[in-house]
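Some notes on the structure that comes next.
Taken together, the values in this text are just the output of simple stated rules run on the coordinates, not laboratory data. Everything numeric here is computed off the predicted structure, so don't read it as measured data. Backbone-built Cβ (ideal geometry, glycine too); neighbour counts: all protein chains shown.
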Amino acid sequence: MLNLHDALKHTDIDPSLKEVLDTIAATCKSIGGKLKGGALSSVYGSESSENIQGEVQKKLDVVANALLKHALLNNRHVAGVASEEEEDVIGGSDEGRYLVTFDPLDGSSNIDINVSVGTIFSILPTKTPGSQVTMQDFLQPGHQQVAAGYVLYGPAITLVLTTGNGVDMYALDYDGDYYQTHKQIQVPKATQEFAINMSNQRFWEAPMQDYIADVLQGEEGPIGKRFNMRWIASMVAEIHRILTRGGIFMYPWDSREADKPGKLRLMYEGNPMSFLVEQAGGACSTSQGSIMDIQPEQIHQRVPVIMGSKEEVERIEVYHQQSGD
């Protein structure tokens with residue numbers, strides 16, 4: 001069974017990219033250690049501060065962000081980083097070839113109830129090597145990513161990774177190494193499982209309401225099959241389930257904040273998860289087209305998200321096309 005370091009050696013990716021991935025994996029191991037202590041580790045509860053998104057920060061949000069930022073900025077191959085928790089991008093090494101964006105602790109509202117959370121990361125090439133990094137350097141469409149992945153902190157700590165040649169899964173063993181458990185993961189094309197926050201139903205656009213209404217009719221409805229619903233309130237956990245057994249995850253636009261295109265962030269959640277799901281044979285959409293085709297306009301841009309088993313993603317797009325929305 002290959003460990004992460006040996007598995008990466010068998011790929012043809014840039015050695016400096018391997019070092020960046022090693023840094024992320026090692027730092028996430030440290031974050032997992034903080035979580036494992038639970039309430040005994042003094043990282044439960046909330047801070048008095050809010051992040052740039054206007055969200056109250058959990059203590060472990062701050063800890064995880066600081067650990068990743070420190071480790072990556074001390075890696076000579078990292079030209080700069082951008083975090084969901086911080087307003088501005090941060091410059092790194094002048095010789096760095098890569099930019100890293102990350103959500104240090106996705107699903108952090110689950111920390112205090114001991115439900116799965118995770119770290120999401122995306123790696124982009126720097127367009128101006130040797131120059132001081134600016135926000136503009138990060139504003140690249142998702143198709144420009146050279147690697148993306150997440151670490152799920154659940155009953156087991158699991159790393160899921162793509163470098164553009166499929167998706168592999170690694171489990172953190174007791175000896176402190178990540179070992180490959182699944183190679184070239186494939187998302188089933190069809191599914192009977194969906195994940196969406198139903199409490200927001202009244203705020204969705206009509207095509208999404210129509211789709212969910214048809215899904216809930218089961219075998220007697222126009223889709224003709226019975227669905228199960230899941231909702232964990234952690235995107236990492238939702239996408240991990242899809243990569244493991246199929247399904248569809250939706251966080252669509254809603255009218256509560258009509259001026260914002262969605263809740264999830266393009267650079268920290270939408271793009272990296274889209275890269276993973278598409279590399280595993282799934283599909284991703286805003287309902288109007290590919291998430292990874294979007295040209296970002298700012299680092300904290302939001303986006304509607306529909307991703308998972310290809311048949312259902314395409315079905316939802318048809319609902320929107322037929323309505324003209």
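P(r) tail for the stretch 193-323, what percent of Cα pairs lie past 18 Å?
On the way: 4321 of 8515 pairs.
Within the stretch 193-323, distances greater than 18 Å cover 51 percent of Cα pairs.
Of the peptides 155-164, 191-200, how do they stack up when ordered by the mean number of other Cβ atoms within 10 Å, highest first?
Working: 155-164: 19.4, 191-200: 17.5.
Averaged packing, sorted descending, gives the order 155-164, 191-200.
Helix by helix, which DSSP H runs in the chain go 30 Å or more along their axis at the Cα atoms and have an average Kyte-Doolittle hydropathy of 0.0 or more? Intermediate results must be reported in sequence, preceding the final value.
On the way: long enough: 15-36 (32 Å, 0.12).
The answer, listed by residue number, is 15-36.
Given H placed on each backbone N at 1.01 Å, which residues far from GLY282 in sequence or on other chains put an amide H within less than 5 Å of it?
VAL187
Using the Karplus equation 6.51 cos²θ - 1.76 cosθ + 1.60 (θ = phi - 60°), what ³J(HN,Hα) coupling, rounded to whole Hz, does each residue of the stretch 133-150 give in order, writing x for Gly and Pro?
Each residue's phi maps through the Karplus curve to give 6, 10, 4, 4, 4, 7, 7, 10, x, x, 5, 7, 4, 9, 6, 7, x, 8 Hz.
Return the subset of LYS36/LYS263; LYS34/LYS59; LYS225/LYS310; LYS58/LYS260 for which the Cα-Cα distance in this structure is over 21 Å, preserving the input order.
On the way: LYS36/LYS263 29 Å; LYS34/LYS59 11 Å; LYS225/LYS310 16 Å; LYS58/LYS260 24 Å.
Among LYS36/LYS263; LYS34/LYS59; LYS225/LYS310; LYS58/LYS260, the Cα-Cα distance tops 21 Å for LYS36/LYS263; LYS58/LYS260.
Can you list the HN-Hα couplings for the stretch 186-199, worked out from phi with the Karplus curve (6.51, -1.76, 1.60; θ = phi - 60°), rounded to whole Hz and with x for Gly and Pro?
Values per residue, Gly and Pro as x: 10, 7, x, 5, 10, 8, 10, 9, 9, 10, 7, 7, 5, 5 Hz.
Taking the structure as given and computing log10 I(q)/I(0) by the Debye sum over Cα atoms at q = 0.07, 0.14 Å⁻¹, which label from (1) -0.47, -1.02; (2) -0.38, -1.11; (3) -0.27, -1.10 fits?
Given (1) -0.47, -1.02; (2) -0.38, -1.11; (3) -0.27, -1.10, the calculated one carries the label (3).
Across the Cα atoms of the stretch 149-255, what radius of gyration and what greatest pairwise Cα-Cα distance (Dmax) are found, in Å?
That works out to 16.6, 52 Å for Rg and Dmax.
Mean-square fluctuation check for the chain, GNM, Cα pairs under 10 Å: which of THR11, THR23, THR286 is largest?
THR11
Please build a GNM for the chain, connecting alpha carbons under 10 Å apart, and tell me which residue among GLY166, GLY142, GLY218 fluctuates the most.
Looking only at GLY166, GLY142, GLY218, the biggest GNM fluctuation is shown by GLY218.
Summing Lys, Arg as +1 and Asp, Glu as -1, what charge do residues with Cβ under 13 Å from the Cβ of SER16 carry, SER16 excluded?
Once all neighbours under 13 Å are counted, the net charge is -1.
Work out Dmax and Rg for the stretch 4-182 from the C-alpha atoms and quote the Rg first, both in angstrom.
16.0, 46
Peptides 92-99, 146-153, 275-282, 223-230: what's the order by average Cβ count within 10 Å, highest mean first?
146-153, 275-282, 92-99, 223-230
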